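Enquirer: Before I ask anything, here is the structure I am working with.
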Protein chains: 2
Amino acid sequence: MQLAAHRHEPDYSPRQNAVLDSALRLLVDGGEKALTTAGVARAANCSKESLYKWFGDRDGLLSAMIGFQASKVRTFDDDARALTAATLHDHLVVFARDLLEVLSGDVSLALNRLAIGQASRDGSKLGSMLQERGRRQIGKRAGALLEAGRKASLLVFDDRDEAYDTLYGLVVSDLHLRMLLGEDSARITKDFGRRAERAVSAFLRLYGREKNSAKP
Amino acid sequence: MQLAAHRHEPDYSPRQNAVLDSALRLLVDGGEKALTTAGVARAANCSKESLYKWFGDRDGLLSAMIGFQASKVRTFDDDARALTAATLHDHLVVFARDLLEVLSGDVSLALNRLAIGQASRDGSKLGSMLQERGRRQIGKRAGALLEAGRKASLLVFDDRDEAYDTLYGLVVSDLHLRMLLGEDSARITKDFGRRAERAVSAFLRLYGREKNSAKP
DNA sequence: TGCGAACCGTACCGTACGGTACTGTCAATG
DNA sequence: CATTGACAGTACCGTACGGTACGGTTCGCA
């Protein structure tokens with residue numbers, strides 16, 4: 001019995017985590033089509049029977065994979081004390097870069113494709129899982145940052161979610177979708193740094209308390 | 001031999017268009033899993049043999065479906081002559097609303113899910129097709145509008161694509177992805193009008209030639 | 001009237017996948 | 001040593017799907 005009491009999501013044994021890791025790798029470089037139960041068993045050197053004992057059925061395996069991956073990408077809280085205009089700007093840029101890095105990651109893209117593929121069927125809480133574990137988590141980090149900025153009288157907004165939505169749109173735009181559609185990642189040029197700067201600059205022009213309207 | 005000479009995409013007979021229509025309907029309310037060749041044949045009252053004769057194989061059918069749908073959503077050019085600050089604002093809002101409407105459409109969502117699902121496999125030009133036929137087309141409309149705004153000294157920007165990217169992000173943010181993931185559309189509340197207003201207001205504050213910085 | 005093309009409906013084939021059952025092996029426990 | 005449980009490996013089953021083949025029907029046309 002572990003310390004984390006309020007966790008109703010089941011945690012898995014090291015062996016099972018290794019299996020989930022193999023499954024993720026298989027998904028990443030083979031797509032959903034390659035993610036067969038036999039394939040996972042072969043890649044992980046385990047038996048199909050064990051897979052079904054541990055995860056119930058294929059959907060259970062998929063859920064476990066999402067949960068496992070989410071548990072690895074725990075968003076760290078960058079403490080935002082002693083916030084000045086400059087440090088707020090820097091924190092926001094770091095956040096934007098992190099966001100872009102996460103969204104463009106192999107595993108993230110593969111899991112999003114998987115969840116979207118399952119979204120049409122009934123039930124299939126994969127989408128909401130990804131939503132909850134992914135955007136919600138990273139959104140909390142951004143929310144805290146924005147709130148700190150408001151507390152320090154560096155940002156002005158009424159609705160925090162609205163402000164975050166704007167920030168997200170400025171940073172990501174349709175880049176995520178284009179990557180999900182398989183656009184040649186060479187064209188995404190990966191200059192996330194410049195993109196993050198641009199987005200944060202625009203965001204501060206919208207929500208910043210004047211005077212930080214730097215020319216592009 | 002039709003008049004449109006420079007079109008290398010094959011057009012299909014009325015009968016075949018009807019079949020594609022049935023296939024789209026089947027896809028919309030059943031997901032990719034329901035889109036089997038037998039299912040399409042049954043829904044369209046045609047034989048599988050005809051399907052294969054007309055479209056080659058399953059992938060050919062999918063491509064044809066995307067092309068067919070794209071041909072129906074031809075983006076109209078709203079003429080942007082005599083542009084004032086007010087009319088530019090209105091044109092932009094209309095554009096934003098149209099964009100949200102298109103992206104949230106049943107068929108659009110289903111096709112995007114389909115293309116994303118296929119994006120992992122090799123080749124599978126579905127993603128780029130959707131990209132080319134969808135965003136590129138509607139992007140041309142926006143680009144023309146932005147260019148007109150600049151010509152009329154109502155907008156200020158160097159890179160038109162960059163400005164469009166900003167506008168797109170402000171309007172859509174991650175709404176598209178959330179819908180693709182199957183988020184309960186009740187939560188999307190569908191107040192596209194308000195969202196469009198907000199986004200355009202922010203966009204004009206960023207790229208407008210001052211004086212139109214209306215308070216929220 | 002006869003002929004051929006297009007096409008529907010259906011049967012058929014090979015294969016691949018999800019899920020189950022069985023056998024053998026290893027390790028811990030007493 | 002005997003027992004028990006966890007697990008790998010594999011064979012197996014039912015089903016569903018992509019793709020093909022074939023008989024029967026309609027329609028245009030000479």
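Enquirer: Give me the orientation-averaged projected area of the Cα convex hull of the protein assembly as shown, in nm², one decimal. Before the final figure, lay out the partial values.
Expert: Values: hull surface 98.3 nm².
Over every viewing direction, the Cα hull of the protein assembly as shown projects on average to 24.6 nm².
Enquirer: How large is the charge dipole for the stretch A:8-74, taken about the Cα centre, if only the Cβ atoms of Lys, Arg (+1) and Asp, Glu (-1) carry charge, to the nearest 20 debye? Don't jump to the answer; show the numbers that get you there.
Expert: Details: 9 positive and 8 negative charges, 36 e Å.
Dipole of the stretch A:8-74, to the nearest 20 debye: 180 debye.
Enquirer: A further question follows. List the distances, in nm and shortest first, from the label point of B:Arg25 to the matching label points in every other copy, placing each point 7 Å from Cα along the Cα-to-Cβ direction.
Expert: 4.8
Enquirer: Okay, moving on. Averaging over every viewing direction, what projected area does the convex hull of the Cα atoms of chain B cover, in nm²? Display every interim value, and only then the final one.
Expert: Details: hull surface 57.5 nm².
Hull-based average projected area comes out at 14.4 nm².
Enquirer: Moving on. What does the structure give for B:110-119 when I average, per residue, the other chain Cβ atoms found within 10 Å of the residue Cβ?
Expert: On the way: counts 1, 0, 4, 6, 3, 4, 12, 11, 7, 10.
Mean number of neighbouring Cβ atoms from other chains: 6.
Enquirer: In chain B, which helices (entire DSSP H runs) extend 15 Å or more along their own long axis, judged by Cα positions, while averaging at least 0.0 on the Kyte-Doolittle scale?
Expert: Helices meeting the span and hydropathy rule in chain B are B:14-28, B:58-72, B:85-103, B:106-118.
Enquirer: Express in % the proportion of alpha carbon pairs of the stretch B:58-152 at distances exceeding 19 Å.
Expert: Summing the P(r) of the stretch B:58-152 above 19 Å gives 47 percent of all pairs.
Enquirer: Could you give the size of the charge dipole of the protein assembly as shown about its Cα centre, using +1 on the Cβ of each K and R and -1 on the Cβ of each D and E, expressed in debye and rounded to the nearest 20?
Expert: Details: 66 positive and 58 negative charges, 13 e Å.
With only Lys, Arg, Asp and Glu charged at Cβ, the dipole is about 60 debye.
Enquirer: How much accessible surface does B:Leu206 have with a 1.4 Å probe, in Å² rounded to 10?
Expert: 20 Å²
Enquirer: Relative to the other copies, what are the label-point distances for B:Glu147, with labels 7 Å from Cα along the C-beta vector, expressed in nm at one decimal and sorted shortest first?
Expert: Result, one decimal in nm: 4.7.
Enquirer: Taking a 23 Å limit on the Cα-Cα distance, which of the listed pairs B:Lys53/B:Lys125; A:Lys72/B:Lys33; A:Lys48/B:Lys125; B:Lys125/B:Lys190 fall beyond it?
Expert: Violating the 23 Å Cα-Cα cut-off are A:Lys72/B:Lys33; A:Lys48/B:Lys125; B:Lys125/B:Lys190.
Enquirer: Determine the shape class of the stretch B:88-144: with a ≥ b ≥ c the square roots of the Cα gyration tensor eigenvalues, call it rounded for a/c under 1.5, and otherwise prolate if a/b is greater than b/c, oblate otherwise. If you can, show how the numbers build up before the last one.
Expert: Working: a/c = 4.68, a/b = 2.00, b/c = 2.34.
Note, shape of the stretch B:88-144 comes out oblate.
Enquirer: Compute and list, largest first, the equivalent-ellipsoid semi-axes of the stretch A:90-200 from the alpha carbon gyration tensor, each √(5λ) rounded to a whole angstrom.
Expert: 26, 19, 10
Enquirer: Please arrange B:His176, B:His91 by accessible surface area, largest first, computed with a 1.4 Å probe and ligands excluded.
Expert: Values: B:His176 10, B:His91 45 Å².
My answer, sorted largest first, is B:His91, B:His176.
Enquirer: In cubic angstrom, how much convex hull volume per residue do the alpha carbon atoms of the stretch A:138-206 span?
Expert: 90 Å³
The values are calculated or read from the model by the stated rules, or taken from the named source; none is laboratory data. The structure displayed is predicted, hence computed values, not measured ones. As a convention, Cβ positions derive from the backbone with ideal geometry for all residues, glycine included, and neighbour counts pool all protein chains shown. These area figures cover heavy atoms from the full protein model, side chains too; ligands, DNA and RNA do not enter into them. Shrake-Rupley method; radii C 1.70, N 1.55, O 1.52, S 1.80 Å.
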